[in-house]
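Here the structure is laid out as structure tokens; the discussion comes afterwards.
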Amino acid sequence: MKLIPGFKLIISVLTLILVQYSYASEDQCFNCHRDLEDNPSKLFVEDVHYKVGLSCSSCHGGNSNSDDMELAMNKSAGFIGVPSLNKISEACSKCHSDAVFMKKYNKNILTGQFEKLKTSVHGKLSVNGRGMMLQCTTCHNAHGIKKVTDSRSPVYPTNVPATCNKCHGDASFMQSYNPSLSVDQLTKYRTSVHGILNAKGNTKTAECASCHGSHDIFSAKDVRSKVYKLNIPNTCSQCHSNKDYMKDFPIPTDQFEKYQKSVHGVAVFEKQDLSAPVCNDCHGNHAATPPGIESISKVCGSCHALNAELFSASPHKKAFDEKKYPECETCHGNHEILIAKDKLIGVEEGAICLKCHAEDKNQKGYRVAKIMRSQIDSLMSLDIVAKNLIFQAEQKGMDVEEIKFKLREIHQARLETRTIVHSFNEAKFKEVTNKGFKASEMAITEAKASIDEFYFRRYGLVVALALITFLIVIIFLYIRKIEKTKSV
Amino acid sequence: MDQIGSNKPEKKDRRDFLKFLLSLGLTGFGVATIYPVISFLKPPKQAEVEVNSVVAGKLDDIKTGESKIIRFGNKPVIIIHTEDDKFRALSATCTHLDCTVQYKKDEKIIWCACHNGKYDLYGKNISGPPPRPLDKFKVVIKNDELIVSKEA
Amino acid sequence: MKNQIKKFYDWVDSRVQLGDLVAFMSKKYVPVHSRSIWYYFGGVSLFFFIIQVVTGILLLFYYKGSSDLAYESIRFIMSKVQFGWLIRSMHSWSANLFILSVFIHMFSVYFEKSYRKPREMTWISGMFMFVLALAFGFSGYLLPWNELAYFATKVGTDIVGAVPVVGEPLKYFLRGGDDVTGATLSRFFGFHVALFPGIFTFLLMLHLLLVQRQGMSEPMHLKIIAKAEKKTMPFFPNFMLRDLLLWLIVLNVLAILAVFFPAELGLKADPLASAPAGIQPEWYFLFMFQTLKFLPAHVWFIEGEVLGILLFGLAGLLWLLVPVWDRKSSRGQQNRWINYIGIFSVLFIIILTIIGWVLK
């Protein structure tokens, strides 16, 4: 080899030319189309697929090595032209659903998107009946696909709301699919804490995909959906309970923990009660904002109507508003709302009233609280006494059906006292408890009468016994008589 | 041996008196035993063990747009005389926490005072905490009387 | 009044010839001796049985034998039916007194050895009635369908199931299935008001017929006294009036018990609830139940419970056949062994019953 001088140089130049040539011939489709200056090729330059060396034929098929249109764009070479409908997503998933293949490019990239999309709500048939509602390109675009982490990508966190809104904000478009679904989510979202932060460029805050998912989106009525009623607390807490994630934001991260212990949490998690409130019932969903101090009783009152009404007419409303106390929350808490036990009321240790009322401070309220509690306790013990007496009478075999009916009235009065407390008005409260007292007195009297009647039977027995004893004595005498006159 | 037919008058008198007392005693005993047995066999007011139907009063007792709560066994039942002249009977026990419901004429609903539960006039729970509709009862008009019975 | 009765008597007599029967009846005599007081217990037992039949029929008018209505119907009888409480409480007390009375009657006959020839059949029929009385008690106890009744039946039928070979099928038959359910109630009701009364009546008729035919048995030591010198009393009217007197006293006692210690309602049976502590069978089964509890879990290779059941079965069989193996009494000879065995049995029953009660 050393025979030809400058051999090394010639080899390197030739290699260079060869490499250039082959590089240049790598994607003939792109070369041609770029020369045509068509849109796809303009966009494709910025495409992540171009950057990793994929050619047009990777999606469209055909022979990218040939610059002859007939040979390159030939069906026999696998050319599929412009794919339409499901063929689009199928083309994408050829690679993107192949885990082994994708590992070569990105160890962490997910590969189940197409499968998820097919079962999701967006995978349902489009109105034309020939393909899925959405294809990959609907959200990701076709030729200028950027990485999700690229701020120019339509699925970058700050761009997601606009992307979804393309369809979901279009009333006439949505009309063909779900006329009852609202189309103002984006507007609402922009008023929310999440929306405002998102508009400012914050990528940590929640956007559409954070709650609804990206490929696996289900209708909110679908039990598989991340925003199905019973799943919502978990969905919200994925960010809101993550201390690390939330360290940039000045709010607590214990809401979910507290909520789980609350009455509402127990109803949702243990009883699967769909009528119990979850995060969005009080905070709103797209316009998520915690209720303002003055409006808390209205929010709670959307279910607890009577209590809210009574509270608003009570002296506490003005007092709380002046002191900027958050209405219902002041006594009941917000996330950790526990069962309202009797001990919340009154002037004993553990009572909430003591927070503001004392014997020498806000005395009127102190007095009322004391009275309310003692009445509640009296009613409870009368209820127990009545129940015991009735049980006794029943076991003795007395008829207690009517008396048991009275017990319902006592039970009702006890339940109503819980509500009327919120009027914080002695007279109104006593109206309710008096109903209960009257009913329990009647029940106790009747039950006692029943038991007395039982004992009274014993006296009736004496009459019968006297008769029989009389007969016994007569017979005895008769026997004696007979045996005296007859020899035995 | 035997002194049957003895001539001693006092002895005879005493024996006759004894015999008289004996028959008196036996009769008394008979009454004391038969009386409870006869009373026992008389059908009690509530004829059957489980109450299956109750007479709720006369037709005119409940005017149009009015309601009445009656006792059915040990449960309350509310009877409503609707605007279109029909009688409807529903269980008056709220399905939330067992309070007794009432008819709200102005809102044309059945309402529970305890927690603001609302039912329509068919018993369907339409608002508030009640989780289930109210049980339905059958109302039959017989001889100007309203008879409420359990739904078949 | 007397004329009417005579007219009626003549009318029947001309058709059926009651003359022989009346002659037979008027000649009946009951021996009078130091132990003739025991003669009354047969009659007292009969009286209790009659009370059971009468109160039972009355209860049948209102009792409902299905598991969803049984308890409620008892409550109905106790609270809404006039004197229902009295009839039911009397039925409950009379059941217990009936069984007590037949125990006494049976033991008194045993100790008097009245089962000896010619009264073997009377003894056999009596023993079968005794077992039926216990069966009446067991089946009737379930009918109120309350907690105690349910679990007592469960435990009782479990013990039946422990009998080798026939135990399991018998238990399945008694329960109407694998567990105590409404099906058990149904068949126990059938046993209690139809099957057992039918068989019992037949045996009772036989028993009474034999007694009438053979007269009362006399203690053996009186055999040597001449007939003319024996103290007797005519059945009509003396013994009968005395019997009536006793029955009336017993009726008074029954009424007092029914009023002062009425039968309780209890809590409705709940098959899903766990058994309350200290479940026991009725007192007349207590001695057997307690014995089984005392036996060790295993004796040799046999399970203690099975051994206990078999021993009781064997004892019962030997007791039933006492006229067969007690040859001495049949020959008119005193048999001290019978007395010893009898005293042992009585003491055994009483002591174990007391232990069972106290250890509740």
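Taking 24 Å as the limit for the C-alpha separation, the pairs A:Lys42/A:Lys116; A:Lys481/C:Lys28; A:Lys298/A:Lys406; A:Lys103/A:Lys146 exceed it in the case of A:Lys42/A:Lys116; A:Lys298/A:Lys406. Using R₀ = 25 Å, calculate the FRET efficiency as 1/(1 + (r/R₀)^6) where r is the Cβ-Cβ separation of A:Ile196 and A:Asn106; round to 0.05. My answer for the efficiency is 0.15. Separation of the stretch C:43-98 from the stretch C:121-154 is 15 Å, based on Cα centroids. Couplings for the stretch A:93-102, taken from phi via the Karplus curve 6.51 cos²θ - 1.76 cosθ + 1.60 with θ = phi - 60°, read 6, 3, 9, 5, 9, 9, 4, 4, 5, 5 Hz in order; Gly and Pro are left as x.
Taking all Cα pairs closer than 8 Å and separated by 6 or more residues, the relative contact order of chain A comes to 7 percent. Exposure proxy for A:Thr149, A:Thr289: other Cβ atoms within 10 Å of each Cβ, ordered fewest to most, give A:Thr149, A:Thr289. The label point for C:Lys6 and the one for C:Leu272, both projected 7 Å from the Cα toward the Cβ, are 7.5 nm apart. Each principal axis of the Cα atoms in the stretch C:199-341 has its own extent, and those three values, largest first, are 68, 49, 28 angstrom. Taking 0.36 nm per residue of separation and subtracting the Cα-Cα distance, full extension of the segment from A:Arg480 to A:Leu36 would add 145.5 nm.
Let's test the formula: R0 of 41 Å, r as the Cβ-Cβ distance of A:Glu401 and B:Thr33. What FRET efficiency results, to the nearest 0.05? The value I calculate is 0.85. With each label modelled as a point 7 angstrom along the Cα→C-beta vector, the A:Asp68-A:Tyr455 pair spans 12.1 nm. Kirkwood Rh over Cα pairs of the stretch B:53-150 into Stokes-Einstein at 4 °C, 1.567 mPa s: D in µm²/s? In µm²/s, the coefficient is 97. Couplings 3J(HN,Hα) of the stretch A:230-245, computed from phi: 6, 9, 4, x, 5, 4, 5, 6, 4, 9, 5, 9, 8, 4, 4, 4 Hz, in residue order, whole Hz [Karplus 6.51 cos²θ - 1.76 cosθ + 1.60, θ = phi - 60°; x for Gly and Pro]. List every residue whose amide H lies under 5 Å from the amide H of A:Met132, counting only residues 5 or more places away in sequence or on a different chain, with H placed 1.01 Å from N in the peptide plane. Correct list: A:Asn86, A:Ser126. Each stretch of four or more DSSP H residues adds -39500 (n - 2.57); spread over every residue of the protein assembly as shown, this sum gives -17500 deg cm²/dmol at 222 nm. Put in line by how crowded their Cβ is, counting other Cβ atoms within 10 Å and starting with the fewest, A:Val266, A:Val100, C:Val44 read A:Val100, A:Val266, C:Val44. The alpha carbon convex hull volume per residue for the protein assembly as shown rounds to 369 Å³. Centroid-to-centroid, using Cα positions, the stretch A:210-242 and the stretch A:139-184 are 18 Å apart. If I take R0 = 45 Å and measure r between the Cβ atoms of A:Lys124 and A:Glu294 in this structure, what FRET efficiency does the formula 1/(1 + (r/R0)^6) give, to the nearest 0.05? Efficiency computed from Cβ-Cβ geometry: 0.55. In the structure shown, do any of A:Lys147/A:Lys247; A:Lys324/A:Lys355; B:Lys75/B:Lys150; A:Lys404/B:Lys86; A:Lys124/A:Lys166; A:Lys87/A:Lys118 have a Cα-Cα gap over 20 Å, and if so which? A:Lys147/A:Lys247; A:Lys404/B:Lys86, as the Cα separations exceed 20 Å there.
For chain A, the Kirkwood hydrodynamic radius comes to 31.0 Å, computed from all pairs of different C-alpha atoms. Could you state the number of Å between the C-alpha centres of the stretch A:441-461 and the stretch A:76-113? The two parts, judged by their Cα centres, are 87 Å apart. Going from the fewest other Cβ atoms within 10 Å to the most, the residues A:Lys396, A:Lys324, A:Lys387 appear in the order A:Lys324, A:Lys387, A:Lys396. I need the shape label for the stretch A:245-402. Rule: rounded when a/c is under 1.5, else prolate if a/b > b/c, else oblate, with a, b, c from the alpha carbon gyration tensor. The shape class here is oblate. Taking each of B:Lys63/B:Lys136; A:Lys341/B:Lys118; B:Lys12/C:Lys7; A:Lys200/A:Lys243; A:Lys448/B:Lys104; A:Lys448/B:Lys45 in turn, the alpha-carbon distance tops 28 angstrom for A:Lys448/B:Lys104.
Restricting the calculation to Cα atoms, chain C shows an Rg/Rh of 1.00 when the hydrodynamic-style radius is the Kirkwood one. Taking the C-alpha atoms only, the angle from helix C:70-79 to the longest principal axis of chain C is near 60 degrees. Each label was represented as a point 7 Å from its Cα along the Cα-to-Cβ direction; for B:Lys75 and C:Gln82 these points are 3.2 nm apart.
Derived from the Cα gyration tensor, the three semi-axes of the equivalent ellipsoid of the stretch C:166-205 are 24, 13, 4 Å, largest first. Taking θ as phi - 60° and the Karplus parameters 6.51, -1.76 and 1.60, the scalar couplings of the stretch C:282-296 work out to 4, 4, 6, 9, 4, 5, 6, 4, 5, 4, 4, 5, 6, 5, x Hz in sequence order, x denoting glycine and proline.
All of the numbers you see were taken from the coordinates with simple rules; none came from a lab. Keep in mind that what you see is a predicted model, and the values were worked out from it rather than measured. Note that we place each Cβ from the backbone using ideal geometry, even for glycine, and neighbour counts take in every protein chain shown.
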